[in-house]
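Worksheet: the structure to be examined is printed underneath.
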Amino acid sequence: MEKKNIDWSKLGFGYTRTDYRWHSEWKDGAWDEGGLVSDEYIHLLESACVFHYSQSCFEGMKAYTTKNGDIVTFRPDMNAERMMDSAARLEMPVYPKDKFVHAVIETIHANAAWVPPYGTGCSLYVRPVMIGSGPQIGVAPAPSYMFRVFVMPVGAYFKGAVKPLRVRVSDFDRAAPRGTGHIKAGLNYAMSLHPTMEAHREGFAENIYLDPATRTYVEETGGANILFVDKDNNLIVPKSDSILPSITRRSLVYVGQKYLGLNVIERPVALEEVKGFKECALCGTAAVLAPVGEIHTKEGVIALPSGMDKMGEVSAKLRTTLTGIQNGEIEAPEGWIVKVC
């Protein structure tokens, strides 16, 4: 199959219109069969619940061209389960797991020419989204909903891809105690936009958010989970009820344990102890794994020993192994790779 005529080396992380998207609607207590459509526009009432009460959730995942030429996607069942959790928390109708996976596969297959070739370092980003589309002026769930899956070819999320980042500890909170930090709700990201743009204006790639209750423990950034490596090469994973359960993070934990033989410790991580760690990295679907070189705090700069020139040794092995699995270069655990075509 012939790929689209794109200069993959110049591809950034942004929206590109592709040929097809999946569209399904929930009315009268049930989802319709759904199907592929070519129109990239959504037509909504001005009274749609999503505009007034932010009833929306979404997912992020990727498809790849493997070394042997197959087009595959990575752990779509996990994204389906996380969206089910998000929808339930927001009083939205759950989109069934099997229908979710089917919609994702069909959308990727219909846009196969947009999946970047193997070896380009690019991928097809897949965005499932659900919104309260029905009219709702009173504070209540919408009477109807819309589910969509659309895709676009993307390059690296952070410029430079694996060049260490400068991040800062934010004065803002990402989530409230017992709030919605553990789900992928659009409202969580809306409230992070101002701190994120402030960080960018000051020359930082991202914000690190502390726990909302005591503001002493590291949680995550605006768009990614955080991992640390201590001086004994243990993989340290921050643990909290308000951290989004990243599928990439959970996959890296498995890779660290089963492929690299690392000792993985999941526990609350105090900001103060980060000074003694040797590596820090951000992880998520978009970024995969991006190293951090400096963390700026009110008390000063935490300069990670791994430095600002290259990714730390353990982080590099984690990234290389996971991307090798995704690209078909390394044998994957059972069920992780789903062949599209």
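The values are calculated or read from the model by the stated rules, or taken from the named source; none is laboratory data. Owing to the predicted nature of the structure, the values given are computational and were not obtained by experimental measurement. Because the Cβ atoms are built from the backbone with ideal geometry, glycine has one as well, and the counts that use them run over all protein chains shown. Areas reflect the complete protein model, heavy atoms only, side chains present, ligands, DNA and RNA absent. Shrake-Rupley method; radii C 1.70, N 1.55, O 1.52, S 1.80 Å.
Here are some notes:
- Screening VAL94, VAL101, VAL149 for residues that are open to solvent by less than 10 Å² (accessible area, probe 1.4 Å), under 17 Å from HIS23 (Cα atoms) and modelled with pLDDT of 95 or more leaves exactly one candidate, VAL149.
- Within region 234-259, considering residues that are in contact with a helix residue (DSSP H, G or I) (Cβ under 7 Å, 6 or more places away or on another chain) and open to solvent by less than 60 Å² (accessible area, probe 1.4 Å), the one nearest to VAL167 (Cα to Cα): VAL237
- Test: LYS231 is surrounded by 13 or more Cβ atoms within 10 Å (Cβ to Cβ) and either within 13 Å of ASP171 (Cα to Cα) or out of contact with any Ser or Thr (no Cβ under 6 Å at 6 or more places or on another chain) (or both): no
- Qualifying residue in region 112-135 (condition: surrounded by fewer than 20 Cβ atoms within 10 Å (Cβ to Cβ), assigned to a helix (DSSP H, G or I) and modelled with pLDDT of 95 or more): yes
- Selection status of TYR53, among the aromatic types (Phe, Trp, Tyr), open to solvent by 20 Å² or more (accessible area, probe 1.4 Å) and over 30 Å from CYS341 (Cα atoms): yes
- Residues in region 197-208 that are touching a Ser or Thr at 6+ places or on another chain (Cβ under 9 Å) and surrounded by fewer than 19 Cβ atoms within 10 Å (Cβ to Cβ): GLU198 only.
- Total residues in region 152-163, condition of a type outside the set (Val, Ile, Thr), touching a strand residue (DSSP E or B) at 6+ places or on another chain (Cβ under 8 Å) and modelled with pLDDT under 95: 4
- Counted residues, region 172-196 - those being in a loop (DSSP other than H, G, I, E, B), open to solvent by 20 Å² or more (accessible area, probe 1.4 Å) and under 16 Å from THR221 (Cβ atoms): 6
- Residue within region 156-171 that is over 30 Å from TYR118 (Cα atoms) and without any contact (Cβ under 8 Å) to a residue 60 or more places away in the chain present: yes
- Residue count, region 56-89 (criterion: within 17 Å of LYS27 (Cα to Cα) and open to solvent by 10 Å² or more (accessible area, probe 1.4 Å)): 2
- Residues (on the phi < 0 side of the Ramachandran plot and either within 15 Å of the chain's Cα centre (by Cα) or not hydrophobic (A, V, I, L, M, F, W, C) (or both)) located in region 75-91: PRO76, ASP77, MET78, ASN79, ALA80, GLU81, ARG82, MET83, ASP85, SER86, ARG89
- Only residues that are under 20 Å from the mean Cα position of the chain (by Cα) and among the β-branched types (Val, Ile, Thr) were counted in region 1-25, giving 1.
- Hits in region 103-144 (condition: more than 20 Å from the chain's Cα centre (by Cα) and under 16 Å from ALA80 (Cβ atoms)): GLU106
- Annotation: PRO212 fulfils all but one of (1) closer than 25 Å to GLY179 by Cα; (2) open to solvent by 40 Å² or more (accessible area, probe 1.4 Å); (3) assigned to a loop (DSSP other than H, G, I, E, B); the unmet one is (2).
- Within region 270-338, strands (runs of 3 or more DSSP E) holding 1 or more residues that are among the charged types (D, E, K, R) and open to solvent by less than 30 Å² (accessible area, probe 1.4 Å): 279-284
- Scanning region 307-329 for residues that are touching a strand residue (DSSP E or B) at 6+ places or on another chain (Cβ under 9 Å) and farther than 13 Å from LEU165 by Cα turns up GLU313, VAL314, SER315, ALA316, LEU318, ARG319, LEU322, THR323, ILE325, GLN326, ASN327, GLY328.
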